[in-house]
Structure formats: C-alpha cells, structure tokens
Amino acid sequence: MAYPDVLEKLVSLAKRRGFIFQSSEIYGGTGSVWDYGPLGVELKNNVKARWWNAMVRQRDDVEGLDAAILMHPKVWEASGHVAGFSDPLMDCKACKARFRADKLQDAQCPRKPSKKPGEHGDCQLTEPRQFNLMFKTFMGPVEDSASVVYLRPETAQGIFVNFLNVQQATRQKVPFGIAQVGKAFRNEITPGNFTFRTREFEQMEMQFFVEPGTDMEWFEKWKAWRREWHLGLGLADDRLQFHQHGEKELAHYARAAFDIEFDFGGTLGFQEIEGVHNRSDFDLKQHQEYSGKRLEYVDQAANKRYLPYVIETSVGADRVTLAALVNAYREEAVEGEQEGRTVLRLHPAIAPITAGVFPLTKKDGQPEMADRVAADLRKRFPVFYDDAGAIGRRYRRQDEAGTPFGITIDGDSTKNDDVTIRFRDDLQQIRVSAGKVGQVIADYLATDAPTAEAPKA
C-alpha cells in the first residue's frame, strides 16, 4: 500500500492545535529546531513514559539512569566522536548552500529544485571536506583549549561511563541493561522534514550488557521485542520494516545492526526511527583504555572477569512521535454530513487529551454538571473542557487533537444524572451514568487497544 505524503498538512495542524511550533518563530525561527506546544509535550511525554514503562518498570533486568549532558571531553575522544563523528560537506560558491556530499541525490538545487546540486549550469561545488557534527562550547570563564566541552551527540556514552556504578549499586548480574531518556545535539548539515531530522532532539536508549558469545542471541531477542513495542504504540504493521546495515553502513565497532524503519509516505518513504545494534565490547574497552580504570564485570560464580558485549536499542523520541502523528492522520467523510473531518487516530494511551467534556448549552444546569464531571475525570485523566460553539465543531476540534472520548452533557443529563460518551474512531455513542464515566474510560484504556471503538453490547 502506498501511503500519501501528509507532512505539509501535519505541520499546519500541529501549529493550529498546539502540537509543535517553530522555535523562536517571532524572530524568523531557528533552523530545524522545534518547540512542543501544550498538546505536543503531552504526546511526547506519553510516548517516553510508555517506553520507560516497557523498558524499565516492567523488567527486572534493566535499570534507569539520567546522565548529564556535559561530560569530560575525554569521553568523546574515547568514543571516537572527536576524530570521526563527521559528515562530508560540500559548498556551492554560487548560491552559498551547503550539502552532504554523500546525500546529493536526495538534495535539490536551490536555484532549480528539479535538478540535483551540481546539475545546474551555475553550480560551483567545492571538494568534500569533513565536518564534525558536535556542538563545541567552553566550561568556565576562560575560552581556551583546556576549557572545551561538547554538547553530547548521543546519550549512550553516559551509560557506558556509569556501567560499574550502576552494576555495583544495584547488584545486577550480567545480562542486564541501563536505560535513559535525554537530549542530544548534532550540528546537522542538512536537517529537515519537520521534526524528523533536527539539531536538538531526544533519544530513548538502552544498553544491554551480555557475556561475550551470547550477544547474537540477545541481539535477535531485542530486535523482535522492539518491533513489537512499535506495534503496541499503534503503528501499522505494513508501515514497519527492518533494514540491515551492509558492510559499508556498518560501524567499525559493530558486529550487526538493524534499523526499524517507518513508512512516512510520499517521497520520504521508509526512514529509520530506531536502531538495534550489537556494539561488541568496543565502548567499554575504549573507556577502560582512556580512563585507566578497570571496567570488567566480575562473575564470581564462574570465577572470571570480562568486558561485556553491548546490545543497544536507540529510539528517536521525536521521530517516533512524528511517526505516531503520521500514522494517526486521517481525512474522512462522515455519513450525513457535507463536510468531512480531519482526525488523529492516536492510540488512546498516548493521546494528549483523554476526554473532552462538552455542555450542550450554557444553561439549565448543564455547565455546572459538566464542571463536576470534568473535575472528577481530571483526578485520573487529562481533560479538556469546551463550551464554545456548536457541538459538532467542538467534536471536530477534539478529533484534530486526537482525543479518543467526548463526554456530552445535555438536557436529559441534568434530569437523569447520565451523559453521552462519543468514541472518536467509530463515532458510536453510548449513554452511561455520570458516576461511571471514569470507570468506563479506565476499563477501555486497560485493554490497551490501539483504537477507540465503542464497547460492544
């Protein structure tokens, strides 16, 4: 199935409904940096919470960590980032644009978008040169070589340098993992495609430490588990695929690597949202050498010590949030209505708002009852109260926000102490006692269903 390109429509919806804004927009914006608005921050937080719950809280062999962004510069020397974390950069002397030399086929000439850089008669491309992607800054009052630090380009190194700290503090035995969610920064040459490739982003990473010789077995397990997690997020099965890194793609330290790719539709197509890698013992070996500290795991039962191999799962929180939005976006006809609707069919567990509460009119005690219902629901779920405009328009606004349940209070509600629950995905409505609304929603969410269809009688 070929999926359409909806990114342009999503950019408009994201701003209109408060999901994502251009950073520093009133000053003309900051290139490829984005701010998450009221709905966006809830959505991304829900995605991160769901990952943390699956990775840390539901497992007894993975521990959590929150390592600092600023680290000792030798960390990045040991990891290879200072010497080798770079992309080949080319400039055009005519239009002053910059391109990745290895991605020219994916780029457009600014002066003639139908051509690639170098194909236009005026193009004057320079020879490729390596461009380090790390942001450099200085720690302390003096800006010299001794005070250089970097904004971390990945979160993984914070895990590696804390391997023994976590292992000894928790008394975990290999195999076990360390997980964290945190910001990373890369001075990308050609960022773009909305929040897909940005200079500031969040990663959800887990490093799983295993005994050498068992690494490929664990690698295959984590591949399967991570794909299942994305399916559980509501991403369509046919929009997910594995991409195996070939010899030219494979990092020098890696024994094996697969990307989990999502089909964003249109020309963007399948793109990486998560990497699963067998990193061997490279990282711990490097940090042991550069720090002079022994980082071997001591297996007392077997009376041996060794540097564990590492199976890494690395998810872009921004990318998977964007994938969830793309996956959820629909333009649908509604029976009996001239105008269709735009709806985000987000998994109810990650929707930024769980329920919208709507008094049908602003009289006859309906607003007061709606206030009570909303206050009761807020003890358990994110709720939005809306009494502005026709009820149909209020429904449509919440459809665009991805809200799975609409609670309407009408004239009969004040007489019978009941309400109408409208289900976002199938548009079915059921009547329930006002005191049972929270339980109906909780029971539905407990099923972890990917769509909000009304319960069957």
Subset of region 129-176 (residues that are in contact with an Asp or Glu (Cβ under 7 Å, 6 or more places away or on another chain), part of a helix (DSSP H, G or I), over 13 Å from M71 (Cα atoms) and of a type in the set (F, W, Y)) = none
In region 27-61, residue surrounded by the most Cβ atoms within 10 Å (Cβ to Cβ) [restricted to those that are among the β-branched types (V, I, T) and modelled with pLDDT of 95 or more] = V47
Could you grab me the full set of residues in region 417-442 that are part of a helix (DSSP H, G or I) and either touching a strand residue (DSSP E or B) at 6+ places or on another chain (Cβ under 8 Å) or not assigned by TED's automatic domain parsing to the domain that holds P382 (or both)?
-> A434, V437, V440, I441
Going through region 322-348 in order, the residues found to be among the aliphatic types (A, V, I, L, M) and modelled with pLDDT of 95 or more are L322, A323, A324, L325, V326, A328, V343, L344, L346
Taking A254, is it without any contact (Cβ under 8 Å) to a residue 40 or more places away in the chain, assigned by TED's automatic domain parsing to the domain that holds E228, in contact with a Ser or Thr (Cβ under 9 Å, 6 or more places away or on another chain) and assigned to a loop (DSSP other than H, G, I, E, B)?
-> yes
Taking first residues from region 182-203 that are closer than 20 Å to G265 by Cα and second residues anywhere that are assigned to a loop (DSSP other than H, G, I, E, B) and hydroxyl-bearing (S, T, Y), the pairs with Cβ under 8 Å that are 6 or more apart or on different chains are P191/S32; P191/T198; G192/S32; R197/S32; R197/T190; T198/S32
Of all residues in region 361-374 being in contact (Cβ under 8 Å) with a residue 40 or more places away in the chain and surrounded by 20 or more Cβ atoms within 10 Å (Cβ to Cβ), which is farthest from the chain's Cα centre (by Cα)?
-> Q366
Of the conditions (1) assigned to a loop (DSSP other than H, G, I, E, B); (2) free of Cβ contacts under 8 Å to residues at least 24 places away in the same chain; (3) under 24 Å from A323 (Cβ atoms); (4) not hydroxyl-bearing (S, T, Y), the single one that K96 does not satisfy is (3)
Could you pull out the residue among T414, T403 that is outside the structural domain of E228 (by TED's automatic domain parsing), part of a loop (DSSP other than H, G, I, E, B) and either more than 14 Å from P348 (Cβ to Cβ) or at pLDDT 95 or above (or both)?
-> T403
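The values are calculated or read from the model by the stated rules, or taken from the named source; none is laboratory data. Nothing here was measured: the structure is a model prediction, and the numbers come from that model. Note that each Cβ is placed from the backbone with ideal geometry, even for glycine, and that neighbours are counted across all protein chains shown.
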